[in-house]
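The values are calculated or read from the model by the stated rules, or taken from the named source; none is laboratory data. Quick caveat, the model's predicted, so the values are computed rather than measured. Glycine gets a Cβ as well: all are built from the backbone with ideal geometry, and neighbour counts include every protein chain shown. Surface accessibility is based on the protein's heavy atoms, side chains included, excluding ligands, DNA and RNA. Shrake-Rupley method; radii C 1.70, N 1.55, O 1.52, S 1.80 Å.
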Amino acid sequence: MTDWVAEESQYLFQNYGRQPIVLERGAGTRVWDVEGNEYLDFVGGVAVNILGHAHPVVVKALAEQASTLIHTSNLFYTKPMIQLAKLLVENSCLDRVFFCNSGTEAVEGAIKLARRWGLDTRDGAHEIITTVDGFHGRSLGALAATGNARYRDPFGPLMPGFHHVPWNDLEAIKAATNEKTVAVMVEPIQGEGGVNMPAPGYLQGIRDWCDEEGLLFILDEVQTGIGRTGSLFAYEQEGVEPDIMTLAKGLAGGVPIGAVMAREDIAAHLVKGDHGSTFGGNALAAAAGYATVKHVIDEDLSAAARNASERLVSRLRSMEDRLAVVNEVRGRGLLIAVQFTRDCASDVVDACRRRGLLANNVRPNAVRLMPPLNVSDDEIDRACDILEEAIVDATRSVAK
Ligand SMILES: *Cc1c(COP(=O)(O)O)cnc(C)c1O
């Protein structure tokens, strides 16, 4: 039998720390490895598989589009990208969409749009304020925006023009603002940084400051968008509207895609030839995106995520009450982190996997759970049973 792990280590760049299983097949919230072991998938492709694996709606859209037209480039019009753009505009506060292929690319597009707008309307203002522990991607522009030195430092010099200020510190944003500032960009909830929640009023405070100073408010909803936090977009629950928004992960139910959305008067500053992508708006990806987003809206999977979240969080909070090593449960919708009193997250994740649950150690001391929006009550209960056993096993945690 092929030793896939050995071959991976021979042929691929060794830039990932992968969990030691080879996944072959999935259905709903379950996946199977090449040895036939079954797992409950609470990683969900890192908040990507919002409908779970092999959802019939996505499979059908892909199969039909693949046998009709996969790719044409943006030298021509195709139907799926127009249908998806219309659906996103009709269900958000924004007016126009640019499609690309990943979250990083969406952030790059948002940065370029903000700079273009700054050139035309703000005398060349181009600096963007972002937050420490914020994550916006790995290309050199998106990396410059990312507030994690561990990702940034080995790759300098990076693109200039970014200020990183502490998360949840509105005064720091005000202090970092100068005549060259064009935008403030944050995630509604810091995902990769550890599922860090915005303090009440923080996003509203940024919105008000941007209005006062004439800055663009960019929300990076790459991880939080498309129902993940219990509303189609996370901004809805914060009572604020961004000027520019980035989307990617869940947008096409597992197929690579990214999008920048913007208000009409801002989007108008990107003119013919200013920006582009060969694959962006690709018919196959856009058809998957349209089917996915339409299903989320028609079936109100945002509400399903809220209900599932209530069950998941109450089970996790009861663990927090029982186990001394669990000291916080945080998040919103189905973007949830369980934090420990020590750096045991990788041991907990290993113990979960041995018992048939896939989870992610988002920080050395925190496990992140991102099941599909249509996860069932039974699956939540089973996952929580496994997680609790795994925590006890991995930490020898004693009852409180
Ligand atoms: C994952 C993520 C990105 C980067 O997306 P990729 O598709 O990995 O390029 C950007 N911003 C946020 C908020 C993310 O969670």
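Odds and ends about this structure:
- Test: residue in the stretch 75-97 that is acidic (Asp, Glu), under 13 Å from ALA291 (Cα atoms) and in the same structural domain as ALA285 (by TED's automatic domain parsing): no
- Of the residues making up the stretch 257-269, just one is part of a loop (DSSP other than H, G, I, E, B) and surrounded by 19 or more Cβ atoms within 10 Å (Cβ to Cβ), namely ILE257.
- Qualifying residue in the stretch 239-257 (condition: within 16 Å of the ligand (Cβ to nearest atom), more than 30 Å from VAL313 (Cα to Cα) and touching a Cys at 6+ places or on another chain (Cβ under 7 Å)): no
- Within the stretch 171-198, if we keep just the residues that are in contact (Cβ under 8 Å) with a residue 24 or more places away in the chain and open to solvent by 40 Å² or more (accessible area, probe 1.4 Å), the residue that is farthest from ALA144 (Cα to Cα) turns out to be MET197.
- Candidate set: the stretch 199-208, residues that are open to solvent by 30 Å² or more (accessible area, probe 1.4 Å) and closer than 30 Å to GLY124 by Cβ; chosen: the one farthest from the ligand (Cβ to nearest atom): ASP208
- Enumerated helices (runs of 4 or more DSSP H) restricted to the stretch 100-177, each holding at least 3 residues that are modelled with pLDDT of 95 or more and in contact with a helix residue (DSSP H, G or I) (Cβ under 7 Å, 6 or more places away or on another chain): 103-121, 140-145, 170-176
- For ILE244, the criteria (1) in contact with a Pro (Cβ under 9 Å, 6 or more places away or on another chain); (2) more than 22 Å from GLN65 (Cβ to Cβ) hold in every case but one, which is (1).
- Within the stretch 98-110, if we keep just the residues that are open to solvent by 20 Å² or more (accessible area, probe 1.4 Å) and more than 20 Å from GLY254 (Cβ to Cβ), the residue that is farthest from the ligand (Cβ to nearest atom) turns out to be PHE98.
- Only a single item in (1) away from the ligand (no atom under 15 Å from the Cβ); (2) surrounded by fewer than 17 Cβ atoms within 10 Å (Cβ to Cβ) is not met by ALA114, and it is number (2).
- Taking the listed residues VAL349, VAL325, VAL293, the one that is more than 30 Å from ALA63 (Cβ to Cβ) and touching a helix residue (DSSP H, G or I) at 6+ places or on another chain (Cβ under 6 Å) is VAL325, with no other qualifying.
- Qualifying position, being over 19 Å from GLY44 (Cα atoms) and part of a helix (DSSP H, G or I), among ALA287, ALA303: ALA287
- Boolean, ALA142 is out of contact with any Pro (no Cβ under 6 Å at 6 or more places or on another chain), surrounded by 17 or more Cβ atoms within 10 Å (Cβ to Cβ) and not assigned by TED's automatic domain parsing to the domain that holds ALA175: no
- VAL46 surrounded by fewer than 17 Cβ atoms within 10 Å (Cβ to Cβ), touching a residue at least 40 places away in the same chain (Cβ under 8 Å) and within 16 Å of the ligand (Cβ to nearest atom): yes
Here's the yes/no breakdown for (1) hydrophobic (A, V, I, L, M, F, W, C); (2) within 25 Å of ILE380 (Cα to Cα); (3) touching a Cys at 6+ places or on another chain (Cβ under 7 Å):
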position: ALA27; (1), (2), (3): yes, yes, no
position: TYR39; (1), (2), (3): no, yes, no
position: THR68; (1), (2), (3): no, no, no
position: THR72; (1), (2), (3): no, no, no
position: THR78; (1), (2), (3): no, no, no
position: ASN101; (1), (2), (3): no, no, no
position: GLU105; (1), (2), (3): no, no, no
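- Residue match in the stretch 16-38 (condition: open to solvent by less than 50 Å² (accessible area, probe 1.4 Å), within 16 Å of the ligand (Cβ to nearest atom) and not hydroxyl-bearing (Ser, Thr, Tyr)): no
- Every condition in (1) in contact (Cβ under 8 Å) with a residue 40 or more places away in the chain; (2) closer than 30 Å to GLN65 by Cα; (3) open to solvent by 30 Å² or more (accessible area, probe 1.4 Å) is met by HIS126 except one, and the failing one is (2).
- Scanning the stretch 367-378 for residues that are over 18 Å from VAL349 (Cβ atoms) and either basic (Lys, Arg) or in a helix (DSSP H, G or I) (or both) yields ASP377, ASP378.
- The single condition among (1) surrounded by fewer than 21 Cβ atoms within 10 Å (Cβ to Cβ); (2) over 14 Å from the mean Cα position of the chain (by Cα) that GLY281 does not meet is (1).
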